[in-house]
Structures are given as C-alpha cells and as structure tokens.
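Peer 1: First the structure, then my questions, so here it is.
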C-alpha cells in the first residue's frame, strides 16, 4: 500500500466520522432497570449522537428512570411498557437471555438496527445453542448477527443491523490472547488453552 492510498483511506475515514458526528439517532433501551440497562442509559444520555426516546420496564412502568438509577435523576424519561415499542433508529436490548430471540421480529418492526446485550445472538450456529443453552427460537437470524468486538471487527459492525454485544469473559479472553496469536507464540488450532476468569465483586 502506498502513502497516497494510506492518505486516501485516512481521508475517507475522516469524512465518514464527520458525517456520523453530524447525525443524531433515536434510541430505545429495552429492560432499563437492571445494571446493564442503567449503564446504557447513562452512556446514551451523555452521547452527542443519541437521543433516548424510550426505556422500558414491566416492574417500573411509568416510574421515572431516576427511581431505579439515582445517578440519572436529571434524565427526563419514564419507563414504559416493553410491549409498546417506540419507532427508533437503534433499539438496545438489555434483557435476560432468551427474551430477544423471541422478540427479534418485533424489534426490527420498531428499529432499523438492533443491539442485543444478552447471549441470544453471540453464537453463529443453532447447534451451539442446543448444546450450551435450551435451543434458539429464531435461528434464521444467527448468520445475520455481528459479534461486537470493535477492536478486531470494527469494519463489519459499521454495516450491521443486528449486533450481538460481546460477553465480558469472552472479550477479556480474546483480547488477552490475540497478541500471543499474532506473535506466533500461540496456535489456537493446536494449542490447548485454559483461561480462568473471575468476575463480580463477590468472587
């Protein structure tokens, strides 16, 4: 690759970034009372390119977001019924495993892009869900989903309309081992790797 082509690619990337910076996307957070939903609301409410128009919760329907998340008391938003989805650009699902796979058709009726933070779309094949979970209700969506690991696949995420949020343990493991694979110190096809991960304040 020449210096000219590098400069052209940099210019294209800058132009794309500038275009995104001028755009405001509407967003909803499904399952907003939990820790993940609260962090999503915190990040989105402070993001210059997002306007949060809906946060849902069955248990806190019509309560202010600040009741569940005191750090968001200044956010003028009430939880609404998750069965009444607002029309948005991006729908974030912060629900437990098994919910999104059963509602993904509804989600796409309400939004152009769906970002799911559960394990519902992280694995590429239905057989893996049969092995590790209790099967999958919408296996036709699995090939469509992009696993969110922007450090490694940012270019694929840019055009995806179904994004599976990476798991915390998997993300830490993959990013930790990647330099070893790149350096030739580890062959993932032949070397047996054991990763012991601890998460949570009580472990």
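Since every read-out is calculated from the coordinates, none of them should be taken as a lab result. These numbers come from a predicted model, not from an experiment. Every residue, glycine among them, receives a Cβ derived from its backbone with ideal geometry; neighbour counts consider all protein chains shown.
Peer 1: So how do 134-145, 176-187, 26-37 stack up, highest first, on mean other-Cβ count within 10 Å?
Peer 2: Those peptides, ordered most packed to least, come out 26-37, 134-145, 176-187.
Peer 1: Provide the FRET efficiency to the nearest 0.05 for the residue 194-residue 130 pair, computing r from the beta carbons and using R0 = 35 Å.
Peer 2: It comes out at approximately 0.90.
Peer 1: Between residue 151 and residue 106, what length in nm is gained on full extension when 0.36 nm per residue of separation is reduced by their alpha carbon distance?
Peer 2: Result for the pair: 13.2 nm of gain on full extension.
Peer 1: Pick from 22, 161, 189: which is most flexible by mean-square fluctuation in a GNM of the chain where alpha carbon atoms under 10 Å apart are linked?
Peer 2: 189
Peer 1: Need one word for the chain: rounded, prolate or oblate. Basis is the Cα gyration tensor (sqrt eigenvalues a ≥ b ≥ c); a/c below 1.5 gives rounded, then a/b vs b/c decides. Could you put the intermediate results ahead of the total?
Peer 2: On the way: a/c = 1.71, a/b = 1.24, b/c = 1.37.
Note, shape of the chain comes out oblate.
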